[in-house]
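Mind having a look at this structure? Questions to follow.
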Amino acid sequence: LKIDTTARSEPSRLAADLGVQFNEAEDRFRSEFRAWLAANVPTEAPPADEDERFEFLRAWQRLLADEGWAGIAWPTQYGGRGADAIQQFLYYDELAWAGAPELVNTPGLLLAGPTLMIHGSEELKQRLLPRMLSATDIWCQGFSEPEVGSDLASLKTRAIDDGAGVWVVDGQKVWTTHAPWADYCFVLCRTAEPAGDRRYEGLSMVLVPMGQEQVVVTPLRQMNGDHEYAQVLFNRAQAPLDMMIGGPGEGWNVAMTLLEFERADQGFTDHSRLLVRLAEIRTFLAAARSAGTVPLDLLDDVRPRFVELWSRCQLLAQFNLGRALALRRGEKPGPWGSFVKLYWSELWQAVAELGLDVVGEGGEGGRDFARDYLTSRGATIYSGTSEIQRNVIGDRILGLPR
Amino acid sequence: VTGPATNAARGRRPRRGFAADLQFPESRAQVALRDEVRAYLDRSAPGERARSAAETGKLLDVEVWAEMARMEWLGLLVPEALGGAECTLADVSVLAEELGRSLFPSPFLATAILGATVLRHAQADDLLRQVAGGSALVCVALDGDARVVEDPSAPTISGGFTCVVDADSAHTLLLCARGTEQAMVVAVDASASGVTVRSEASLDATRHLCTVHVDAAPCRVLLTGDLAETALAEAGTAGMVALAAELVGGARRCLDATLEHATDRHQFGRPIGSFQAVKHKCVEVLVAVEAARAAVAHAARLADADGPSAALLAGTAKVMSNRALTLAATVAIQVQGGTGFLWETDAHLYLRRAKASERLLGTAAQHRISVARTLGI
């Protein structure tokens, strides 16, 4: 995929001036990464076959990790750069505009890793984090179950200490992203019965190795044709007792830390990624106009939508900048992650729909917008549906009664 | 936005104010300015002033205007050497947000923002001094056109303008003339011969949108050519930022009133804000308000840094804020039910402000066209 490089240049660039001056170190960081990407982003398109594509992406992440460009927010002792939130903001911006492939081990890099750093033992960190960073071990997230979605605390998967140093895990997880390729799953499960209606107690976060025959992975075919996620059956699956983030019974707390990372982080990636899509749509339109193949009434329809979405992308960039500044000041991700997640997921859907309407199917000369359109429908469901996000915002930001 | 006390089980209070952890942080001086302004404005209930403006048709309270001058609000954009405070647009938007929050009726936008910006470019020091001191009221006509007859001893101007903010309280009209060889900005005395100012019908009584006709009115040329164009463009940008900040302030006030009612009012044994149909409406307003506020702060920073896209983003901010206020006011009316539909409830005053503002400093459609052009769509 080639990006319209003029999209960033005056006078008509799509990424408007953010209205802030980055300091010298930040500018240096940005140009260093930009130069590295220019030399290293694969020029060939990712393979069509899903397994091959996964290996292609794994290799890309390994390359990033080898040069210290994966998990940049991680502390240096675990292979990161200790980058602050503003550097992350710049990092994702550069990745997007360079047309770089996505990072593949995100459930590990962005969720399990940081949570492990807060709630995990030093021994676990030393053992698991480096392999997570290089995508040697792929991680997946075991939260949702067939009967358990938004109401997460009602989950039924259980782990029992068998008295011989092993957690024995029984239950079923679903919508588990990357499960078909995963080496570990962080499984939220019940290790003790709740007292009365205090159902947030007695939950634990067990790290289950996937390479055992007591774990059965059934890939699920998604509406976009991919098999990225799966149903995972734990049938007396085993995990050593020390394979746990936080202690027994601390699982809910750990899960909430993790969800805040999840909702906080995705926003950083997406204003630039969406602006890149708008740049592609514009390039397509310009070419079609000079070829005389765009009906005028299409332009009448497209213009207001394009302007609206461009404006919202600018605002998303401002939100992300504001959040990055807040995180750098040491504030916790908190419920504002829900706000940003709600905003970008709905924005992505609108951008993808515009892309499909303008560019059409087939992905001629670039992005397959039909696929993007279908894939985007998941964004308002995963990581908490838009409805749940609105509840969180209403309860925790607006302080409305529950 | 007030409503009668309901069957309230007052306990948990809704949270107010903007998100410190989402928005670009305010400086300490800006926080202090906000506190000062709010303390002054909160001396009377917002709806009181606006309703009185609607009932009397009177916009300007001379004593209040003098107090605004004393508090240095009128000289925010006037250089210090001329008695002003020489502030940034980021500072201005703090003040404007508070003015909008309390629906403050005054010719502030016309004189202290649009007028002061043009006068600063014209280096009209005497007038600037008077603006900051509260003794001169000016207005700027941006929509419309006129032609100047350049008699070296006594130039005159003829033409017509619409949507001139608060022209009926101005002593001096600053008019643009593009129908000449080169663009000009001229000053015309409101009392001069050939000047007609008429207040147009408007839903919003807190701001008078006027039609101005000049017929061979004597004028003084302040700026010509590129200098005139730059001054008008910057006045437009500053005006859009200030107006957008006002609209955002009003929108947040509407949301606060909605939240208060949704918390206090009980039906079916529960506060109505616990119902998702109501709660999610409030969240929709929050999203619009926070987005608009981010847009205003962004545009203000760009304008303060002379960024090339400042005017474009100021237009975006104006459109977003206008939409946010319309939404926030309609939701305030809806959620407050029968109470929301009352004259005595403030929500409709904000809705009036929102609808009337749509014509001001560029409509949504006009801004959309200029963004589309700039982006090459």
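The values are calculated or read from the model by the stated rules, or taken from the named source; none is laboratory data. Everything quoted here is computed from the prediction, not taken from an experiment. Neighbour counts run over all protein chains shown; Cβ positions are idealised from the backbone, glycine included. Remember, those area values only see protein heavy atoms, side chains included, never the ligands or the DNA or RNA. Shrake-Rupley method; radii C 1.70, N 1.55, O 1.52, S 1.80 Å.
Restricting to DSSP loop positions (anything but H, G, I, E, B) with no more than 13 other Cβ atoms inside 10 Å of their own Cβ, which trypsin sites (Lys or Arg not before Pro) remain in region A:321-350?
Here the sparse-neighbourhood loop sites are A:ARG329.
For an R0 of 30 angstrom, estimate the FRET efficiency from the Cβ-Cβ distance between B:ASP35 and A:ASN23 and round to the nearest 0.05.
Details: r = 30 Å, r/R0 = 1.01.
Computed FRET efficiency for B:ASP35 and A:ASN23 comes out at 0.50.
Return, for the Cα atoms of chain A, the radius of gyration and Dmax in Å, separated by a comma.
That works out to 21.8, 75 Å for Rg and Dmax.
Helix B:89-101 versus the longest principal axis of chain B: what angle, 0 to 90°, nearest 10, using Cα atoms?
With both axes taken from Cα atoms, the answer is about 60 degrees.
Can you compute the FRET efficiency between B:PHE275 and B:ASP151 using 1/(1 + (r/R0)^6), with r the Cβ-Cβ distance and R0 = 60 Å? Round to the nearest 0.05.
Computed FRET efficiency for B:PHE275 and B:ASP151 comes out at 0.30.
Could you please state, rounded to a whole Å, how far the C-alpha centre of region A:149-166 is from the C-alpha centre of region B:258-290?
Here the two parts' Cα centres lie 36 Å apart.
Would you mind telling me which residue in A:ALA73, A:ALA45, A:ALA195 has the biggest mean-square fluctuation in a Gaussian network model of chain A, where springs connect alpha carbons within a distance under 10 angstrom?
Result: A:ALA195 has the largest fluctuation of those listed.
In region A:13-41, which residues have a backbone nitrogen under 12 Å from the label point lying 7 Å from B:ALA233's Cα in the Cα-to-Cβ direction?
From region A:13-41, the list is empty.
Once you order the gyration tensor axes a ≥ b ≥ c over the Cα atoms, which shape class does region B:221-318 get: rounded for a/c under 1.5, otherwise prolate or oblate by comparing a/b with b/c?
Verdict is prolate for region B:221-318.
Moving to a separate point now. Viscosity 0.692 mPa s, temperature 37 °C: give me the Stokes-Einstein translational D for region B:123-190 in µm²/s, with Rh taken as the Kirkwood radius over C-alpha pairs. Display every interim value, and only then the final one.
Details: Rh = 12.7 Å.
Value of D from the Cα-based Kirkwood radius: 259 µm²/s.
Residues of A:385-396, mean number of Cβ from any other protein chain within 10 Å of their own Cβ, rounded to a whole number?
4
Give me the distance between the Cα centres of region B:330-347 and region A:93-146, rounded to whole Å.
With region B:330-347 and region A:93-146 each reduced to a Cα centre, they are spaced 50 Å.
Roughly how large is the B-A contact in terms of buried accessible area, totalled over both chains, probe 1.4 Å, nearest 100 Å²? Don't jump to the answer; show the numbers that get you there.
Numbers: alone 16740 and 18560 Å², together 31210 Å².
Buried surface at the B/A interface: approximately 4100 Å².
I'd like the FRET efficiency for A:MET223 and A:SER150, computed as 1/(1 + (r/R0)^6) with the beta carbon distance as r and R0 of 25 Å, rounded to 0.05.
Computed FRET efficiency for A:MET223 and A:SER150 comes out at 0.80.
Rounded to a whole number of µm²/s, how large is the Stokes-Einstein D of the protein assembly as shown at 25 °C and 0.890 mPa s, given Rh as the Kirkwood radius over C-alpha pairs? Walk me through the numbers before you get to the answer.
On the way: Rh = 28.7 Å.
Calculated translational D: 86 µm²/s.
Which of the residue pairs A:LYS125/A:LYS173; B:LYS58/B:LYS281; B:LYS279/B:LYS355 have a Cα-Cα distance greater than 28 Å in the structure shown?
Pairs exceeding 28 Å: B:LYS58/B:LYS281.
List the aspartates and glutamates whose Cα sits under 13 Å from the Cα of A:LYS341, skipping any in the same chain fewer than 8 residues away.
Excluding near neighbours in sequence, the set is A:GLU260, A:GLU262, A:ASP265, A:ASP270, A:GLU387.
Here is a follow-up. What angle do you read, to the nearest 10 degrees and between 0 and 90, between the alpha-carbon axis of helix A:50-66 and the longest principal axis of chain A?
In chain A, helix A:50-66 runs at an angle near 90 degrees to the longest axis.
Within 10 Å of each Cβ of B:300-309, how many other protein chain Cβ atoms are there on average?
Counting Cβ atoms of other protein chains within 10 Å of each residue's Cβ and averaging gives 3.
Given 0.36 nm per residue, what is the gain on full extension from A:LEU298 to A:THR177 after removing their alpha carbon distance, in nm?
In short, 39.8 nm is gained.
Based on C-alpha coordinates, I'd like the Rg and Dmax of chain B, in Å.
In order Rg, Dmax, the Cα atoms of chain B give 21.1, 79 Å.
Before I look further, what does the protein assembly as shown give for accessible area per residue, probe 1.4 Å, in whole square angstrom?
Heavy-atom SASA per residue in the protein assembly as shown reads 40 Å².
Which of A:GLY196, A:GLY149, A:GLY337 ends up with the largest GNM mean-square fluctuation for chain A, with Cα atoms connected below 10 Å?
Top of the fluctuation ranking is A:GLY196.
Would you mind classifying region B:25-131 by shape? Square roots of the alpha carbon gyration tensor eigenvalues, ordered a ≥ b ≥ c; an a/c under 1.5 is rounded, otherwise it is prolate if a/b is larger than b/c and oblate if not. Display every interim value, and only then the final one.
On the way: a/c = 2.14, a/b = 1.28, b/c = 1.67.
Oblate.
In degrees from 0 to 90, rounded to the nearest 10, what is the angle of the helix B:46-56 Cα long axis to the longest principal axis of chain B?
The angle comes out at about 50 degrees.
Same structure, new question: Quickly work out the A:ASP197-to-A:GLN77 label distance, labels modelled 7 Å from Cα along the C-beta direction, and quote it in nm with one decimal.
Going from the A:GLN77 label point to the A:ASP197 one covers 4.4 nm.
Roughly how compact is region A:169-325, stated as its Cα Rg over 2.2 N^0.38 Å to two decimals? Walk me through the numbers before you get to the answer.
Details: Rg = 23.0 Å, N = 157, 2.2 N^0.38 = 15.0 Å.
Cα-based Rg divided by the globular estimate yields 1.53.
Now, a different point. With the Cα gyration tensor of region A:308-402 giving a ≥ b ≥ c as the square roots of its eigenvalues, does the rule (a/c under 1.5 for rounded; else a/b larger than b/c for prolate; else oblate) give rounded, prolate or oblate?
Prolate is the answer for region A:308-402, as a/c is 1.5 or above and a/b outweighs b/c.
Extending each Cα 7 Å along its Cβ direction at B:LEU342 and B:ASP143, get the distance between those two points in nm, one decimal.
Result: 3.4 nm between the two label points.
Same structure, new question: Tell me, what % of the accessible area of the protein assembly as shown is carbon and sulfur with a 1.4 angstrom probe?
Roughly 51 percent, rounded to a whole number.
State, to one decimal in nm, how far the label point of B:ARG178 lies from the label point of A:ARG127, with both points 7 Å from Cα in the Cβ direction.
7.3 nm
While we're looking at this one, here's another question. Take the alpha-carbon centre of region A:194-261, take the same for region A:340-383, and report the distance between them in whole Å.
The two parts, judged by their Cα centres, are 29 Å apart.
Using the Cα centre of the protein assembly as shown as the reference point, and only Cβ charges (+1 on K/R, -1 on D/E), how large is the resulting charge dipole? Debye, rounded to the nearest 20.
Using Cβ point charges on Lys, Arg, Asp and Glu, the protein assembly as shown gives about 1520 debye.
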